[in-house]
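First up is the structure itself, then whatever we jot down about it.
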Amino acid sequence: MKIGDEVPDLELKNQNGEKFRFSELKGKKAFVVYFYPKDFTPGCTKEACSFRDSYEDFKELGAEVIGISGDSSKSHSKFIDRYKLPYIFLSDKDKKARNVFGVKPSLLGLLPGRETFVFDKNGKLLHRFNSMSAGRHMPEALAVLKKNQN
């Protein structure tokens with residue numbers, strides 16, 4: 001995906017096993033989609049909790065946060081309960097979303113990549129950020145949203 005591209009209209013299952021489509025957010029609110037390797041791992045937990053700790057800031061900017069990994073809806077549900085995560089998690093077991101978004105594996109292809117995408121209210125890509133450093137994603141996404149406020 002390139003800057004200015006529209007969010008793909010994919011359907012994935014959320015943490016409750018319900019269908020979720022990105023098109024549900026278009027025209028309503030800006031959103032951040034972050035891909036991460038695995039629930040309950042140290043870096044991924046740190047990243048999820050940093051989005052949790054700043055979730056009110058995202059909401060004040062009118063934005064939703066969505067975390068995506070290959071974990072099951074059931075795993076996401078446990079992850080959410082354990083760390084009190086207030087936002088949407090989607091299961092991408094078959095890597096459909098990863099492939100459509102163009103998220104590359106990292107660490108010689110051994111780990112699923114960690115990449116964050118920031119979309120405006122109309123579903124247009126404003127920014128994409130790729131780094132295995134879990135702590136850098138939330139501040140980067142928040143800064144982009146603040147800069148692009150209408």
Please list, in order along the stretch 86-103, the HN-Hα scalar couplings obtained from phi with the Karplus expression 6.51 cos²θ - 1.76 cosθ + 1.60 (θ = phi - 60°), rounded to whole Hz, x for Gly and Pro.
x, 10, 7, 10, 10, 9, 10, 4, 8, 6, 4, 5, 3, 5, 5, 6, x, 7
The chain, relative contact order in percent, only Cα pairs under 8 angstrom and at least six apart counted:
33
Multiplying the sequence separation of LYS95 and LYS2 by 0.36 nm and subtracting their Cα-Cα distance, what value in nm do you get?
31.6 nm
Under a Gaussian network model of the chain whose springs join Cα atoms within less than 10 Å, the largest fluctuation of ASP53, ASP39, ASP71 belongs to ASP53
Restrict the search to the stretch 4-85; then list the chymotrypsin sites (Phe, Trp or Tyr not before Pro) that DSSP places in a loop and that have at most 14 other Cβ atoms within 10 Å of their Cβ.
PHE40
Select from GLY113, GLY67, GLY27 the residue whose mean-square fluctuation is largest in a Gaussian network model of the chain (Cα-Cα springs shorter than 10 Å).
GLY27
Across ASP57, ASP94, ASP120, the residue with the highest GNM fluctuation in the chain (Cα network, 10 Å cutoff) is ASP94
Among MET1, PHE40, ILE88 - extreme Cα towards positive end, dipole of the stretch 1-143, charges at beta-carbon
PHE40
Gain on full stretching of the segment that runs from ALA143 to ASP9 - 0.36 nm per residue minus C-alpha separation
45.7 nm
FRET efficiency for LYS38 and GLU60, Cβ-Cβ distance as r, R0 = 41 Å, nearest 0.05?
0.85
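Throughout, read-outs are computed from the coordinates displayed, never taken from laboratory work. Source: prediction; values computed, not measured. So basically every Cβ, Gly included, is an ideal-geometry build from the backbone, and we count neighbours across all protein chains shown.
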